[in-house]
Structure formats: C-alpha cells, structure tokens
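I am attaching a structure below and will ask some questions about it afterwards.
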Amino acid sequence: MSELNPRKDLLDIESLDLEEIEYVLENAVPFKQLFQRSVKKVPTLRGKTVLNLFYEPSTRTSSSFEVAANRMSADVTNFTISSSSVVKGESLLDTIETLQAMRSDYIVIRHQAAGVPGIVAKHTGASVINAGDGYHAHPTQALLDAMTIREVYPEYKGRKVVIVGDVLHSRVARSTSTLLNKLGIEVAVLGPGSLIPEGRHEFMTRLRSWDEVFDWKPDAVYLLRVQMERQEGQFFPSIAEYHKMYGMNSQRLVRMRELGAYLMHPGPVNRGVEITDEAMRYERSLISTQVENGIAVRMAVLHWLKPETDKD
Ligand code: CP
C-alpha cells in the first residue's frame, strides 16, 4: 500500500484534499480483495481499541465499522446509548472524559447534533471518525459511494450522478455530492422545492422532473431516504404524492434500462416511498455493493488515521 501522512481524525469531506481521497479509495481496493479469502482478517490493528459510539440508530454504519475493525484484529466496544448513563443526564464532555480514561485508540461517533464529532476530537487523543452528525456530514458514506461508482466506471471523470429526494436534511447528500465534485463527477439534484436547499452548492444542477433527469442522461441515480425524523414541518403533501413525483417506479425503471444507469441508495430504504419492491430488484442496483464497499473503505480509513495515543 502507498503511504501518505496520516491525519488524526476524519470529520468531513470538505477538509480532505484529492491526494487523501485517492489514498483512502485506492487502499480500500486490497482490503476488499481480502473478503474473497477464507481468512478475512489482517493483524493491522492488533492491540488497538475501537469504540463505536452511536447516539442515533444505525444498521449499516455501526455494523460495518464493527466488521472493519474486527477484520483488522482490533478490539471493538459498542457503546449503547439507551443503556448508558447518557439517559441519566450525563453530559457529552463527561462521557468523553470517561471514555478517554478507557484509552480507546479510535472513536467512531454518530450524533444527532452537527459538530459533535469535532468537539469529541478536540477533547481526546483518540482518532475520531464522524459516522454521521445531524445534517452536516457522513464522510465514510461518501467514500464508499465514490468507491462504488469508480468500480463500475473506472473512467469516472465527467460521469453524471443525480441525487433524488430530501437533499435539505441529508448529510449523505452533502458529503457525497462534495466528494463526487472533487473527483470531477457531475452532480444534479431532483426533489420537492422545499427539500432542495437553494445555493448550497453552486456545482449542482437543479432538475425539475424525471423527464429532465432522463434528458440529462445520468450514469447513476442516487435515491435518498425520506427522513421523516428530521422534518419539523410538512415538506410535501403526502407520502403517496412523494412516491408519485419522486419515487423510483416501473415506468422510470424502463428509462433507467434504456440509459444503462445504475441505482444507488445509502439505506435504510423506505419501500413504497422512494423506491418500489421491483426497483429494489433492478439488475443495475448497487445498493448491496455500497454496503460491501463500506467495510473496505472503513478499513482503509482506520488504516490511515493515526491516534495521538499511537506512540509505536
Ligand atoms: N447509510 C447509513 O448511514 O445507514 P445507517 O443509518 O443504517 O447507518
């Protein structure tokens, strides 16, 4: 594997330069090749500890970090908020101090408030990885998305990806669009006007209908989950209306097939809202590949970051 100066933390995509992005994506490839072997473990992080600290629910990200750390021979602790003293009113900083005393090498944190992983990073010598904070960032999701696109399009520069749905509340949309733009991939968005932030990213083309999407000729369509839990107002009339206007259905699949476009989704999927059962079975769906690549990318991230506790 090539070498590059390590960072302590991974908090967002904006602060990564192209060399760092390439480094992680290239190093994820040999980690993925490991998955084909009968023994999938390497000793890279033997003796190191990884703490998974999820203040919000997660299936893919938390289990993927756990598998990634296990495959690198680290010791993993999953910190369950519902059974921790956080529910008794312990403050974030007190929790960090307690965790610091455990001398973890890596802290993977998801929190409902934007910026919390950054605060934790300032108060600990452990490497902190943002596993999703509020509307702000989900950098490992963006990296796994980029890896997935690069696998199907080795000549990825100039390719086109349209992101569909709740861009306003989506840390995935923010991080993934920023990363794709850095890699020279064109990004467009489609969604209800109330869920498309005006002027957030000048590089994103605003499309107004599926006809405009298909005329734009995307190489991949990236559906976002409708995030009911983050919507404080009513952003569209009803779920049925959303599905009719923006969901991936059988008519739109016909157009996808004509274009040979791939389908992506970060999960968890709301069947019948942003995607139908039929579209879940689309032969060019990359959803399972995204999950698999998540493990490889997270192994590459753990390999790259260097905790201040690491004196070896
Ligand atoms: N994509 C993603 O973050 O999924 P989880 O919420 O299941 O971790």
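The values are calculated or read from the model by the stated rules, or taken from the named source; none is laboratory data. Not measured: the values here are computed from a predicted model. Cβ sites come from the backbone with ideal geometry, for glycine too, and all protein chains shown count toward neighbours. Ligands, DNA and RNA are excluded from the accessible area calculation, which covers all protein heavy atoms including side chains. Shrake-Rupley method; radii C 1.70, N 1.55, O 1.52, S 1.80 Å.
Can you name every residue in segment 247-287 that is open to solvent by 10 Å² or more (accessible area, probe 1.4 Å), more than 16 Å from the ligand (Cβ to nearest atom) and not in a loop (DSSP other than H, G, I, E, B)?
Within segment 247-287, SER250, GLN251, ARG252, VAL254, ARG255, ARG257, GLU258, LEU259, TYR262, ASP277, GLU278 meet the criteria.
Same structure again: Check segment 34-57 and report whether any residue there is within 18 Å of ILE109 (Cα to Cα), within 16 Å of the ligand (Cβ to nearest atom) and surrounded by fewer than 18 Cβ atoms within 10 Å (Cβ to Cβ).
Yes, because at least one residue in segment 34-57 is within 18 Å of ILE109 (Cα to Cα), within 16 Å of the ligand (Cβ to nearest atom) and surrounded by fewer than 18 Cβ atoms within 10 Å (Cβ to Cβ).
Just one of (1) surrounded by fewer than 22 Cβ atoms within 10 Å (Cβ to Cβ); (2) touching a residue at least 24 places away in the same chain (Cβ under 8 Å); (3) more than 17 Å from the chain's Cα centre (by Cα); (4) in a helix (DSSP H, G or I) trips up ASP94, so point out which.
(2)
Scan segment 72-82 and tell me whether some residue there is part of a helix (DSSP H, G or I) and in contact (Cβ under 8 Å) with a residue 12 or more places away in the chain.
Yes, some residue in segment 72-82 is part of a helix (DSSP H, G or I) and in contact (Cβ under 8 Å) with a residue 12 or more places away in the chain.
Here is a yes/no grid of residues against (1) out of contact with any strand residue (DSSP E or B) (no Cβ under 9 Å at 6 or more places or on another chain); (2) at positive phi:
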| position | (1), (2) |
| --- | --- |
| LEU99 | no, no |
| ASP105 | no, no |
| GLN112 | no, no |
| VAL116 | no, no |
| GLY134 | no, yes |
| PRO139 | no, no |
| ALA142 | yes, no |
| ALA146 | yes, no |
| ARG150 | yes, no |
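Filter segment 164-193 down to the residues that are within 15 Å of the chain's Cα centre (by Cα), touching a residue at least 60 places away in the same chain (Cβ under 8 Å) and away from the ligand (no atom under 14 Å from the Cβ) and list them by number.
THR178, LEU179
Next up: Scanning for something of a type outside the set (Phe, Trp, Tyr), more than 14 Å from the ligand (Cβ to nearest atom) and outside any loop (DSSP other than H, G, I, E, B), does segment 128-136 turn up at least one residue?
Taking every residue of segment 128-136 in turn, at least one turns out to be of a type outside the set (Phe, Trp, Tyr), more than 14 Å from the ligand (Cβ to nearest atom) and outside any loop (DSSP other than H, G, I, E, B).
Before we move on, is LEU302 outside any helix (DSSP H, G or I) and open to solvent by less than 40 Å² (accessible area, probe 1.4 Å)?
So LEU302 does not fit the description; no.
Quick one: which helices (runs of 4 or more DSSP H) lie wholly within segment 164-246 and hold at least 3 residues that are at pLDDT 95 or above and surrounded by 14 or more Cβ atoms within 10 Å (Cβ to Cβ)?
Counting at least 3 such residues, we get 171-182, 210-216.
With the condition kept exactly as written, say whether any residue in segment 61-79 is over 18 Å from the mean Cα position of the chain (by Cα), open to solvent by 60 Å² or more (accessible area, probe 1.4 Å) and within 16 Å of the ligand (Cβ to nearest atom).
Checking segment 61-79: at least one residue is over 18 Å from the mean Cα position of the chain (by Cα), open to solvent by 60 Å² or more (accessible area, probe 1.4 Å) and within 16 Å of the ligand (Cβ to nearest atom).
Then there's this: So how many residues does segment 9-23 have that are under 13 Å from LEU183 (Cα atoms) and open to solvent by less than 10 Å² (accessible area, probe 1.4 Å)?
3
Yes/no matrix, rows are residues, columns are (1) in a strand (DSSP E or B); (2) at positive phi; (3) in contact with a Leu (Cβ under 9 Å, 6 or more places away or on another chain); (4) assigned by TED's automatic domain parsing to the domain that holds PRO154:
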site: ILE13; (1), (2), (3), (4): no, no, yes, no
site: LEU25; (1), (2), (3), (4): no, no, yes, no
site: LYS40; (1), (2), (3), (4): no, no, yes, no
site: ARG46; (1), (2), (3), (4): no, no, no, no
site: LEU53; (1), (2), (3), (4): yes, no, yes, no
site: THR61; (1), (2), (3), (4): no, no, no, no
site: ALA68; (1), (2), (3), (4): no, no, yes, no
